[in-house]
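K.L.:
Please find one structure pasted underneath; my questions will follow.
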Amino acid sequence: KDIPGTSAVSPGSSKECAPDSESSPGTGEADYCRRILVRDAKGTIREIVLPKGLDLDRPKRTRTSFTAEQLYRLELEFQRCQYVVGRERTELARQLNLSETQVR
């Protein structure tokens with residue numbers, strides 16, 4: 001069965017939106033679920049159910065490219081203390097010219 005208006009994604013974990021996996025159309029499931037068909041590595045077509053709020057077409061954020069010096073300092077801090085928080089985190093981020101979010 002083909003589902004119009006959906007796109008194929010690589011198979012992943014399928015999590016039912018509806019509490020009852022036997023729910024049928026007309027029970028309100030269509031209001032918050034999106035069903036898509038995917039083909040796995042063996043060629044088998046499977047249907048998975050995803051929340052409609054999951055934006056599969058949204059571009060992924062770019063991954064930070066750290067310099068060798070930044071990596072060295074971050075690794076040293078991690079060995080010293082696995083959770084850098086507060087003033088230390090702010091200062092380390094400033095010294096490395098990174099955001100505090102990148103220093104976690």
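The values are calculated or read from the model by the stated rules, or taken from the named source; none is laboratory data. For clarity, every value in this text was computed on a predicted model and none was experimentally measured. Heads up, the Cβs are rebuilt from the backbone with ideal geometry, glycines too, and the neighbour counts pull from every protein chain shown. Areas reflect the complete protein model, heavy atoms only, side chains present, ligands, DNA and RNA absent. Shrake-Rupley method; radii C 1.70, N 1.55, O 1.52, S 1.80 Å.
K.L.:
Kindly evaluate residue 8 against the criterion of being modelled with pLDDT under 90, touching a Leu at 6+ places or on another chain (Cβ under 9 Å) and surrounded by fewer than 14 Cβ atoms within 10 Å (Cβ to Cβ).
P.N.:
Considered against the rule, which asks whether it is modelled with pLDDT under 90, touching a Leu at 6+ places or on another chain (Cβ under 9 Å) and surrounded by fewer than 14 Cβ atoms within 10 Å (Cβ to Cβ), residue 8 comes out as yes.
K.L.:
Filter region 81-104 down to residues that are more than 17 Å from residue 69 (Cβ to Cβ) and either surrounded by 11 or more Cβ atoms within 10 Å (Cβ to Cβ) or touching a His at 6+ places or on another chain (Cβ under 8 Å) (or both), then give me how many there are.
P.N.:
6
K.L.:
Open to solvent by less than 70 Å² (accessible area, probe 1.4 Å), in a loop (DSSP other than H, G, I, E, B), in contact with a strand residue (DSSP E or B) (Cβ under 8 Å, 6 or more places away or on another chain) and modelled with pLDDT under 85: does that describe residue 50?
P.N.:
When the stated conditions are applied, residue 50 does not pass them.
K.L.:
Same structure, new question: Every residue in region 71-80 that is open to solvent by less than 90 Å² (accessible area, probe 1.4 Å) and within 25 Å of the chain's Cα centre (by Cα), please.
P.N.:
Scanning region 71-80 gives 71, 74.
K.L.:
Only one of (1) more than 18 Å from the chain's Cα centre (by Cα); (2) surrounded by 10 or more Cβ atoms within 10 Å (Cβ to Cβ) is not met by residue 41, so which one is it?
P.N.:
Exception for residue 41: condition (2).
K.L.:
Output the number of residues of region 62-82 satisfying the condition of being of a type in the set (Phe, Trp, Tyr) and closer than 15 Å to residue 99 by Cα.
P.N.:
1
K.L.:
Oh, and also: What pairs come up if the first residue lies in region 91-102 and is free of Cβ contacts under 8 Å to residues at least 24 places away in the same chain, the second is open to solvent by 80 Å² or more (accessible area, probe 1.4 Å) and not in a helix (DSSP H, G or I), and their beta carbons are under 6 Å apart, counting only those six or more places apart or on different chains?
P.N.:
Close Cβ pairs satisfying both conditions: 93/100.
K.L.:
Next question. What's the total number of residues in region 54-90 that are outside any helix (DSSP H, G or I), touching a residue at least 12 places away in the same chain (Cβ under 8 Å) and among the aliphatic types (A, V, I, L, M)?
P.N.:
3
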